[in-house]
Amino acid sequence: MGYREYKNWKDLLHNIWFFIWEDNSIESWIVNVIIAFVLVKFVVYPLLGLLLGTSFPVVAVVSGSMEHNGLNFDSWWKENKAWYAEHGVTKEMMQGYKLKNGFNKGDIIVLRGVKPEKIKVGDIIVYSTDRYKYPIIHRVIEANSPTFRTKGDNNAGFDPSPVDEKQVVGKAAFKIPWLGWIKILFTNIIGG
């Protein structure tokens with residue numbers, strides 16, 4: 001869209017609208033990507049955070065620590081039951097937990113804010129720590145507020161340190177499979 005004079009604001013707005021929504025140029029595509037990024041980052045994400053009561057309403061899973069390696073629940077439990085039994089978690093308890101089959105790298109987890117006293121064994125929480133670049137999303141195995149012991153379903157044991165209630169940023173509500181790969185690939189491309 002080159003320089004030209006506009007007789008009135010209506011013509012200007014019509015041309016902007018055409019450029020954004022109907023023009024098939026590379027420039028229009030780039031502007032659309034920028035607009036989408038700005039809307040998601042500064043409108044959708046904050047509104048979602050406000051509605052769900054957390055500063056991290058959506059997280060992409062960047063590790064395999066909660067994967068069940070393609071096993072169905074019974075096969076996974078058979079391989080892991082000794083550790084869980086030693087820590088007071090039965091098969092029946094695990095079957096009643098949210099996301100009992102874990103989740104995979106590349107999934108998106110939608111979080112909601114939670115009061116620490118409402119966190120219980122079996123919940124999946126996200127917490128921040130200085131030890132790791134990204135927030136950690138693991139299952140609570142021991143809940144003794146104000147601290148919690150957590151474990152990734154695919155890890156051999158507890159996380160290195162107990163989680164303090166101040167570190168908790170949310171509790172898993174549900175997952176969206178594979179959508180997190182967009183963030184993971186984008187982060188890898190820009191070197192984040």
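The values are calculated or read from the model by the stated rules, or taken from the named source; none is laboratory data. None of the values given here were measured: they were computed from a predicted structure. FYI the Cβ positions are ideal-geometry reconstructions off the backbone, even for glycines, and counts take in every protein chain you see.
What to note about this one:
- Filtered residues of region 136-180 (kept if in contact (Cβ under 8 Å) with a residue 24 or more places away in the chain, outside any strand (DSSP E or B) and of a type in the set (Phe, Trp, Tyr)): TRP178
- Residue pairs whose Cβ atoms lie under 8 Å apart, separated by 6 or more positions or on different chains, with the first residue in region 32-46 and free of Cβ contacts under 8 Å to residues at least 60 places away in the same chain and the second surrounded by 11 or more Cβ atoms within 10 Å (Cβ to Cβ) and part of a helix (DSSP H, G or I), are ASN32/ILE20; ILE35/ILE20.
- Residues that are among the small types (Gly, Ala, Ser) and free of Cβ contacts under 8 Å to residues at least 40 places away in the same chain were ranked within region 47-72; the one that is farthest from PHE158 (Cα to Cα) is GLY49.
- Checked against (1) over 18 Å from GLN167 (Cα atoms); (2) at pLDDT below 95; (3) touching a helix residue (DSSP H, G or I) at 6+ places or on another chain (Cβ under 9 Å), LYS98 passes all but condition (3).
- Any chance LYS151 is buried (at least 20 other Cβ atoms within 10 Å of the Cβ), in contact with a helix residue (DSSP H, G or I) (Cβ under 9 Å, 6 or more places away or on another chain) and assigned by TED's automatic domain parsing to the domain that holds GLY64: yes
- Neighbours by Cβ (under 8 Å, 6+ apart or cross-chain): first from region 1-23, within 20 Å of ILE35 (Cβ to Cβ); second modelled with pLDDT under 85 and among the aliphatic types (A, V, I, L, M): ASN15/MET1; PHE19/MET1; ASP23/MET1
- Those residues of region 181-192 which are surrounded by fewer than 12 Cβ atoms within 10 Å (Cβ to Cβ) and either assigned to a helix (DSSP H, G or I) or under 11 Å from the mean Cα position of the chain (by Cα) (or both), in sequence order: LEU185, PHE186, ASN188, ILE189, ILE190
- Here VAL114 clears all of (1) within 27 Å of TRP77 (Cα to Cα); (2) surrounded by 12 or more Cβ atoms within 10 Å (Cβ to Cβ) except the condition numbered (1).
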